[in-house]
Amino acid sequence: VIRIQRGAEPAALAAARKRRTCAAARARATGKKPSFSGYEVARAQLYAAQRRKCAYCERLIGAEGNPIEHFRPKAEAWRGDPWSGKKTPIDRERYWWLAWSYSNLLLACSSCNCVSRKGNWFPLASGSRQLQVPSADALAFDTTFDASVETPMLVDPGVDDPLDHIAWVPLDPNESIERMEWRPVHKTERGRVTIKILGLELAIADQVGDHIRHNVHPRIVAVLAMEGAQAQAAWALTVRDLLADTMPFLAATYGALDHFVPVAFRERLGLVLARPGAPTPGVE
Ligand SMILES: [Zn+2]
């Protein structure tokens, strides 16, 4: 998981949001289920912004056939314990009004999005405030929402830098590269919950291992065999290629570069390892 920058809200989504959020409020007021459609207009822009990758597992995905994922689930929120698998308590009031909010939309692959992974999981940090369910009057006036009052346990790739919460490391650093397995490890409690809910380890550890073995490690070996200006030039090309935003598994590649290229070697030659993922606006 890396940081995603969605860009400006597509105009067609803004139009759908105003119309459909109010319609959803009317449906709920009469005890009906809101009709959740119309956010598909954001697909092309999300796909481009996410560089054709799943927002969670960073696998390359097709433009069609994968769901638009609601970070805050639209139908109901499972507040229970992902380790026991108990979804209860289920919050059935939230978050229907965010179904058309661009800042709540991501493209995810079918396997990350399915009920046994992300599903409708959305546990909150203990003591977190909850988003207020907007009244129909409020919706008639304004259909933009600020979600920042709430602290979710899931890491939000649109808000957080996931690398603050999750790092990819070798399961056994003494293992040979041919047999080395890679795992996501948590740096924070939110990272721990995110790894569990997304099933990151189960989903992509094998593919990550292959990618590091075949695409990442040989480039690193070549750099480490060099010295001076030659090593600096090879390093620049290596990070440009391997951490290009169109490449899959950038979080794991970053972990592998960090693991295999000793800090002392980097410092001696002035090699910089910048984090992949879009920078947080205003920070860099
Ligand atoms: Zn995925």
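Mind checking the angle between helix 189-198 and the chain's longest principal axis? C-alpha axes, 0 to 90 degrees, to the nearest 10.
The answer is roughly 80 degrees.
Between A225 and E267, what FRET efficiency follows from the Cβ-Cβ distance if R0 is 30 Å, with the result rounded to 0.05? List each step's numbers first, then the result.
Values: r = 18 Å, r/R0 = 0.61.
That pair, A225 with E267, gives E of 0.95.
Given R₀ = 30 Å, what would the calculated FRET efficiency be for R92 paired with V185, taking r from the Cβ atoms and rounding to 0.05?
That gives a FRET efficiency of 0.30.
Once the other residues with Cβ under 13 Å from the Cβ of D245 are scored (Lys, Arg +1; Asp, Glu -1), what is the net sum? Can you show the working numbers first?
Values: positive: R3, R51, R52, K53, R240, R275; negative: E58, D241.
My count for the surroundings of D245 gives +4.
In a shell of Cβ-Cβ distance under 13 Å around A136, excluding A136 itself, what net charge do Lys and Arg (+1) and Asp and Glu (-1) give?
0
Taking the chain as a Gaussian network, Cα atoms linked when under 10 Å apart, which of E93, E189, E175 shows the biggest mean-square fluctuation?
E175
Remind me, what semi-axes does region 226-280 give for its equivalent ellipsoid, largest first in whole Å, using sqrt of 5 times each Cα gyration tensor eigenvalue?
Numbers: eigenvalues 82, 28, 20 Å².
Over the Cα atoms of region 226-280, the semi-axes work out to 20, 12, 10 Å.
How charged is the neighbourhood of Q45? Take every other residue with its Cβ under 15 Å from the Cβ of Q45, and add Lys/Arg as +1 and Asp/Glu as -1.
+2
For the pair V149/R129, report the inter-label distance in nm, with labels modelled 7 Å from Cα in the Cβ direction.
0.5
At 1.4 Å probe radius, can you tell me the per residue accessible area of the chain in Å²?
Heavy-atom SASA per residue in the chain reads 48 Å².
For region 103-146, what is the per residue volume of the convex hull drawn over the alpha-carbon atoms, in cubic angstrom?
115
With the calculation restricted to Cα positions, what are the radius of gyration and Dmax of region 172-284 in angstrom?
Rg, Dmax (Cα atoms, Å): 15.0, 45.
Take the Cα atoms of the chain, find their three principal axes, and give me the spread along each one in whole Å, biggest first.
That works out to 71, 41, 34 Å along the principal axes.
Starting at 0 and stepping by 10 Å, how many percent of the alpha carbon pairs of region 75-206 end up in each bin?
Bins of 10 Å from zero give 11, 37, 32, 13, 5, 1, 0 percent of pairs.
Given region 3-138, what whole percent of its Cα pairs are spread farther than 25 Å?
Numbers: 2721 of 9180 pairs.
Everything past 25 Å amounts to 30 percent.
Rounding to the nearest 20 debye, state how big the charge dipole of the chain is about its Cα centre with +1 on each Lys and Arg Cβ and -1 on each Asp and Glu Cβ.
1120
Computed over the Cα atoms, what is the radius of gyration of region 135-188 divided by 2.2 N^0.38 Å, N being its residue count?
With N residues counted in region 135-188, Rg over 2.2 N^0.38 Å equals 1.99.
For the chain: lysine pairs with Cα atoms under 26 Å, gap of 8 or more or different chains, count?
Within the chain, the lysine pair count is 27.
The values are calculated or read from the model by the stated rules, or taken from the named source; none is laboratory data. Owing to the predicted nature of the structure, the values given are computational and were not obtained by experimental measurement. Quick reminder, even Gly has a Cβ in these numbers, built from the backbone with ideal geometry, and neighbours come from all protein chains shown. The accessibility values were calculated without ligands, DNA or RNA, using every heavy atom of the protein model including side chains. Shrake-Rupley method; radii C 1.70, N 1.55, O 1.52, S 1.80 Å.
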